[in-house]
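The values are calculated or read from the model by the stated rules, or taken from the named source; none is laboratory data. These numbers were taken from a predicted model, which means no experiment stands behind them. Heads up: the accessible areas ignore ligands, DNA and RNA and are worked out on the full protein's heavy atoms, side chains in. Shrake-Rupley method; radii C 1.70, N 1.55, O 1.52, S 1.80 Å.
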Amino acid sequence: MSKKVVSKIDDFHEKVAKGLKLSFQRMIKSKIEKDQSVVIMRDGKVITVKASELDKI
């Protein structure tokens, strides 16, 4: 692949990662406001964590 194509792919990946991070932050903020929990996977186990606990991390 040419450098131009690789650069466009890298830019796309960067934008997707940035968007995912932003959407996660918004979800956590919304869950905190509603005093809800979030289901996540940690060490290969599915667990439920209060959103306020994730905000501290």
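For Lys50, the amide hydrogen comes within under 5 Å of the amide hydrogens of Val38, counting only partners 5 or more places away or on other chains and with H modelled in the peptide plane.
At a probe radius of 1.4 angstrom, the accessible area of the chain per residue rounds to 92 square angstrom. For the chain, the number of Lys pairs with C-alpha atoms closer than 19 Å, counting only pairs eight or more positions apart or on separate chains, is 14. Counting only protein heavy atoms and a probe of 1.4 Å, the accessible surface of the chain is 57% carbon and sulfur. Under conditions of 37 °C and 0.692 mPa s, the chain yields 244 µm² s⁻¹ as its translational diffusion coefficient, taking Rh as the Kirkwood radius over Cα pairs in the Stokes-Einstein equation.
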